[in-house]
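> Quick one: the structure is below, and I'll ask about it shortly.
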Amino acid sequence: MTVKRMVDISWETFSALPVEQKTPYLTQPDGTPFHTLFAQQFDLPLLDRLTSLATEIRGIAKTRAGMEFLREQVNHKRAMLYFSQPSSRTFLSFLSACQILGVQTGEVRDTSTSSEFKGESREDSVRTFSSYFDMIIMRTPEKGLAENTAWVLSNSDRPIPILNAGSGQDQHPTQALLDIYTLVRSFEQNGGLRDRTVVFVGDLARGRTVRSLSHLLTNYPNIRQVFIAPPPLQIGDDVLASLRARGVEHRCSDDFRAAIPEADAIYMTRVQDEWDKVKGESARIDTTRFHFGLAQLALLRPHAILMHPLPRREEISTDVDRDPRAVYWRQMRNGMWIRTALIAMIFGCNKRIHDYYRQNL
Ligand code: NCD
C-alpha cells in the first residue's frame, strides 16, 4: 500500500472519503497502523501478525523476567486515556496494556473537569493533550471525533497516534480485534477461523462492536454472517452493503432458535438503550426471544462458542457461565493481550518482542 500524508488533504476532503480510501493516510510505511480508527484498516496479514504477537506477549508475560523485559519496551512513552463515555473494562484493559509495556498514562474521564468546560474548543484541548503525551486512546459518544482528532494531530507539530476505543455507535476496532483473537484461539486446534457461521444477536442497529467485527470477519475465508434481532434493532444497511460488495454470505432474521444449531460462534449483545431517541423506546421492543439460557445451550453444537463484548444484562443467564463454550470472560482477558500487541506494534517494538520470544520460549 502506498502511504499518504494527512498534511496533503483537507479535513473536508478526508472526512468525505469512503473508509477504505482513508486507510493509506492512517498507515506507517511498514504497513502497521499509525492512527487506529476503523476495523477496515486491518487485512489478513496484519491480523495474523497481531494475533501472533499477542500470543508471544502472553507467553513472555508468564515469567518475572519476561514481564521485566516487556516493561522496558515502551517506557519512554506516555499515553493519554481520554474516555468521555462510560467504560470500565475497555479503560482498564488499555491501562493494563500500557502498564505491561511500561507506558506511563494520564487520564481524562470527566470532561466537566477539563477546560472544554470553560469553552475551550476540542481542537485546542486535543493539542494541549498532545503536548504532554505520545499517544491518545480515545472513547467518545461522537461518531467522527477520533477521526477528526487524528487529522488535527497529523496536521500539528506533534503528530501522535490516536487509538479509537469506541466512537459513538459507529466503530470499536480494538473490541473487534479481541473478538477475532478469541475466535482464532478457539478454533486453532480445530481447522482455524475459516468455513464458519457467526451469529450476531441483540441490538445490532446500535452496537458498534458488531459493526467492527462484521468488517474484520470478511478477511477470513468463507465466514457466513447471520444477524438475529427484532426488526427495529436489525443491522444497518451500510454493513449489509459492504458484505454484499465483498461477496460474503449473510442473512438477517428474527428467529434465534433456528440459528443456534448452525452456529460456530454466537455473539450476544445488550440493548444499547443509552442511544434511545425517545426515552423508553427500547423498553417497548420485545427482546425476550433473544435470550441465551440453558434451553438455548442445549441446542449449541459441542465445538461452538458463546461470546459477548460485555457488559451483559439479562441476555445471557448466569447458569450458562460455567459451560466451557461460554468464552466471554476469556474474551475480555484476550483484550488486554491484543491491545498490548497493537500498542507495541504502533511504537515499533514488535520485532524485539518476537526475537525475545524466539530466544527464550
Ligand atoms: C461495548 C461498547 O462499549 O460498545 N463494551 C465494551 O467495550 N466491551 C459493548 C456495550 O457497551 O454493550
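What follows draws every value from the coordinates through simple rules; no lab data is involved. All figures in this text were calculated on a predicted structure; none of them were measured in a lab. Here the Cβ positions follow ideal geometry from the backbone for every residue, glycine too, while neighbour counts run over all protein chains shown.
> Which whole-Hz ³J(HN,Hα) couplings does region 257-265 yield from phi under the Karplus relation 6.51 cos²θ - 1.76 cosθ + 1.60, θ = phi - 60°, glycine and proline marked x?
Calculated HN-Hα couplings, in order: 4, 5, 7, 4, x, 8, 7, 9, 9 Hz.
> Let me ask something else. Under 5 Å between amide hydrogens, which residues at least 5 positions from ARG196 or on another chain qualify, with H placed 1.01 Å from N in the peptide plane?
Counting only residues 5 or more places away or on other chains, the set is ILE223, ARG224.
> I would also like to ask the following. For region 11-110, with the dipole built from +1 on Lys and Arg beta-carbon atoms and -1 on Asp and Glu ones, taken about the Cα centre, which of GLN104, ALA39, VAL19 lies farthest toward the positive end?
The one lying farthest along the dipole's positive direction is GLN104.
> Oh, and also: Percent relative contact order of region 24-141, based on C-alpha pairs within less than 8 angstrom and at least six residues apart?
26
> Helix 350-360 sits at what angle to the longest principal axis of the chain, using alpha carbons and giving 0 to 90 degrees rounded to 10?
The angle comes out near 70 degrees.
> Now for a different question. Give me the dipole magnitude in Debye, nearest 20, for the chain about the Cα centre, with unit charges on the beta carbon: positive for Lys and Arg, negative for Asp and Glu.
I would put it at about 800 debye.
> A further question on this structure: What ranking do 196-204, 235-243 get when scored by the average of other Cβ atoms within 10 Å per residue, highest first?
The packing order, highest mean first, is 196-204, 235-243.
> Please work out, to two decimal places, the log10 of the ratio I(q)/I(0) at q = 0.08, 0.11, 0.14 Å⁻¹ from a Debye calculation in which every Cα of region 173-332 carries one identical scatterer.
For region 173-332, the Cα-only Debye profile gives -0.20, -0.39, -0.65.
> In nm, to one decimal, how far is the modelled label at ALA298 from the one at GLU107, with both set 7 Å along Cα→Cβ?
4.4
> Follow-up. Give me, ordered by chain and number, the residues 5 or more places off THR36 or on other chains with an amide H under 5 Å from its own placed amide H.
ILE162, LEU163, ASN164
> Moving on. If the label point is 7 Å along Cα→Cβ of ARG122, which residues in region 163-179 have backbone nitrogen under 18 Å from it?
163-173
> Post the alpha-carbon centroid distance, region 108-149 to region 1-72, in whole angstrom.
21
> Calculate the dipole size of region 173-332 relative to its Cα centre from +1 charges on Lys and Arg beta carbons and -1 charges on Asp and Glu beta carbons; express the result in debye to the nearest 20.
That gives a dipole near 260 debye.
> Let me ask something else about it. Taking LYS62 as the anchor, which lysines have their alpha carbon closer than 24 Å to its alpha carbon, excluding any fewer than eight residues away along the same chain?
LYS77, LYS351
> Then there is this: Over the chain, what is the mean sequence separation of C-alpha contacts under 8 Å (at least six apart), divided by residue count, expressed as relative contact order in percent?
19
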